[in-house]
Amino acid sequence: MTESSIAAPFVTFKKEAELQSHTISRCDMSGQILSEVELEPRIFGRKVNVPLMHQVVLAQLAAARQGTHSTLRQREVRGGGAKPFRQKGTGRARQGSTRASQWVGGGVPHGPKPRSYKQHTPKKMIRMALYSAMSDRASEGKVALIDEWSFASPSTKDAMRALDANRLSGNVLIVLDDTSTLDHSSVSNAELSLRNISRVQTIKPGELNVYDVLRNDWLVFDDRSMAAITGTLAGEGGDDQ
């Protein structure tokens, strides 16, 4: 038996031990439990990496900054071409322009100029931070699964009843997937019903990000959005241990 064949099982066991299994109830809008569902361990069962999430959130918030702030340097301020008073004999400090930084209305030394605050963050790092955030919510029991949001017509009252029936308190992030509609530009009844609730945020599976997951107390999926998230993992090549 070679040395490599002895070490391999231990490496495999370590990777498997890092993933945890979480089971949640699949309910309908009335809060009735339909079945028990095991969450995908590669998405919801990872060890929470706080430094990684912190770095990705900082990069995300930095990229959201407009960076359009601008101040004028002394050479850019209009006027001030003439010397305000003679060099000597006045008893005051010599001045060459009223647009110098020490004058009111003068230029701003080393002031901000338009710039980009975007930080380069590898895609794998962003994905792993997202899985870490979702695993954190799963470990707290704050992941819910609704079979479907079956609103016959937009109704905020029905949406509030559904949230209360499923005991979704606090801030709620609901992942909606409207791939079944032919017109992707149209807004579904579910989104129209939920978006008027101040503590509810709706998002598409492709828009799911670390910041929104962490700033909300609950992470809610429906059958289609959960399938979309799991399919995305399969399309990215599976595990990233």
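Take residues that are modelled with pLDDT under 90, closer than 21 Å to Lys47 by Cα and within 20 Å of the chain's Cα centre (by Cα) and tell me which of the helices (runs of 4 or more DSSP H) falling wholly in the range 155-241 contain 2 or more.
Because the criterion is at least 2 residues that are modelled with pLDDT under 90, closer than 21 Å to Lys47 by Cα and within 20 Å of the chain's Cα centre (by Cα), the helices (runs of 4 or more DSSP H) in the range 155-241 that meet it are 223-235.
Just checking, does the range 65-74 include any residue being more than 30 Å from Thr230 (Cα to Cα) and assigned to a helix (DSSP H, G or I)? Spell out the reasoning first.
First, pick out the residues of the range 65-74 that are more than 30 Å from Thr230 (Cα to Cα): 65-74.
Filter once more, keeping what is assigned to a helix (DSSP H, G or I): 74.
Yes, there is a match, as at least one residue in the range 65-74 is more than 30 Å from Thr230 (Cα to Cα) and assigned to a helix (DSSP H, G or I).
Within the range 21-43, take every residue that is under 25 Å from Ala129 (Cα atoms) and free of Cβ contacts under 8 Å to residues at least 24 places away in the same chain and give me the one that is surrounded by the most Cβ atoms within 10 Å (Cβ to Cβ).
Per the criteria, the residue is Pro41.
Could you please give the count of residues in the range 79-116 that are touching a residue at least 12 places away in the same chain (Cβ under 8 Å) and charged (D, E, K, R)?
4
Since Asn166 meets every condition but one in (1) buried (at least 18 other Cβ atoms within 10 Å of the Cβ); (2) touching a Ser or Thr at 6+ places or on another chain (Cβ under 8 Å), which condition does it not meet?
If we test Asn166 against (1) buried (at least 18 other Cβ atoms within 10 Å of the Cβ); (2) touching a Ser or Thr at 6+ places or on another chain (Cβ under 8 Å), just (2) comes out false.
In the set Arg94, Arg46, Arg65, which member is farther than 30 Å from Pro122 by Cβ and among the basic types (Lys, Arg)?
Details: Arg46 fails: farther than 30 Å from Pro122 by Cβ; Arg65 fails: farther than 30 Å from Pro122 by Cβ.
Only one candidate qualifies: Arg94.
Of everything in the range 196-224, what is buried (at least 20 other Cβ atoms within 10 Å of the Cβ) and of a type outside the set (A, V, I, L, M, F, W, C)? Give them in sequence order.
Thr202, Asn216, Asp222, listed by residue number.
Hey, among the residues in the range 44-64 that are in contact (Cβ under 8 Å) with a residue 24 or more places away in the chain and part of a loop (DSSP other than H, G, I, E, B), which one's surrounded by the fewest Cβ atoms within 10 Å (Cβ to Cβ)?
The extreme case among them is Lys47.
The values are calculated or read from the model by the stated rules, or taken from the named source; none is laboratory data. Given the structure is predicted, the values throughout are model-derived calculations rather than measurements. Here Cβ is always computed from backbone atoms with ideal geometry, including for glycine, and neighbour counts include all displayed protein chains.
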